[in-house]
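Q: Here it is, the structure, as structure tokens.
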Amino acid sequence: MRDHASNQYADERTPAVWTGRATNRFQWVAAVGGVACLALGIALAVQSAWTSGIAPLLMAVIGCVAAGLLVLFGTLAFVHVAVKVDDRAMEVRCGHIGVPRRRILLSHVVGADFEPSVTPRHWGGWGYRWRPEKGTAVVVRRGEGLILRLGDGRTFTVTVDDAESAVRVIRDRLRDTAPPTPPAPTGRPV
């Protein structure tokens, strides 16, 4: 009876599904720069007199349009990140369309840690990052984040608001799903 009561309180502490977000409003400034580049390319194509030849103008138009699209979509993908932890996995979705997306099964996680200060400088910028000595990260802003330690020795870091509660939920899930320890050897030959 006592075990049931303690499990009941554990369930009240740990939500069935934990969700969190992080947002970087500065990315909108970069997106506006991308739109400006795109508009310049379109204006060059429409309003140019085409007197200097087709090749230079075509290169300018294609360059501006391509740069504008890359900046626009590259920044909009990392305006925010959404993290969801349920009883089976942690899922990370970036931007408004949810791409890139990463789903990590909790069965592959050996631990979770809170990091009070994740910065883009430590990862080489904003976005989806990989560094051989640090692992993989999704960094959309500086501030708190969570670090998952995976069973293969790698780590996955994500910046998210209220990362401490996410770490607590993941640790509770890991504790609940931990496999039973094998019995100690008795010393008798088999």
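Q: Take the residues of the stretch 105-145 that are part of a loop (DSSP other than H, G, I, E, B) and more than 15 Å from Val79 (Cα to Cα): which is least open to solvent (accessible area, probe 1.4 Å)?
A: Of everything passing the filter in the stretch 105-145, Thr119 is least open to solvent (accessible area, probe 1.4 Å).
Q: Scan the stretch 119-136 and report the pairs whose first residue is in contact (Cβ under 8 Å) with a residue 60 or more places away in the chain and whose second residue is among the hydrophobic types (A, V, I, L, M, F, W, C) and assigned to a loop (DSSP other than H, G, I, E, B), with Cβ atoms within less than 6 Å and a gap of 6+ or a chain change.
A: Between residues of the stretch 119-136 that are in contact (Cβ under 8 Å) with a residue 60 or more places away in the chain and residues that are among the hydrophobic types (A, V, I, L, M, F, W, C) and assigned to a loop (DSSP other than H, G, I, E, B), the close pairs are Trp126/Phe78.
Q: State the number of residues belonging to the stretch 45-81 that are farther than 26 Å from Arg93 by Cα and either of a type in the set (S, T, N, Q) or surrounded by fewer than 17 Cβ atoms within 10 Å (Cβ to Cβ) (or both).
A: Number satisfying all stated conditions: 18.
Okay, residues lined up against (1) touching a residue at least 40 places away in the same chain (Cβ under 8 Å); (2) under 19 Å from Arg21 (Cα atoms); (3) small (Gly, Ala, Ser):
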residue	(1), (2), (3)
Val61	no, no, no
Phe73	no, no, no
Val85	yes, yes, no
Arg88	no, no, no
Gly95	no, yes, yes
Gly98	no, yes, yes
Ile104	yes, yes, no
Ala112	yes, yes, yes
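Q: Also, I was wondering about something else. Only one of these conditions is not met by Gly74: (1) within 10 Å of the chain's Cα centre (by Cα); (2) part of a helix (DSSP H, G or I). Which number is it?
A: Tallying (1) within 10 Å of the chain's Cα centre (by Cα); (2) part of a helix (DSSP H, G or I), Gly74 fails exactly one: (1).
The values are calculated or read from the model by the stated rules, or taken from the named source; none is laboratory data. None of these values were measured; they are calculated from a predicted model. So basically every Cβ, Gly included, is an ideal-geometry build from the backbone, and we count neighbours across all protein chains shown. For the accessible areas, the whole protein counts, side chains as well, though only heavy atoms, and no ligand, DNA or RNA atoms are used. Shrake-Rupley method; radii C 1.70, N 1.55, O 1.52, S 1.80 Å.
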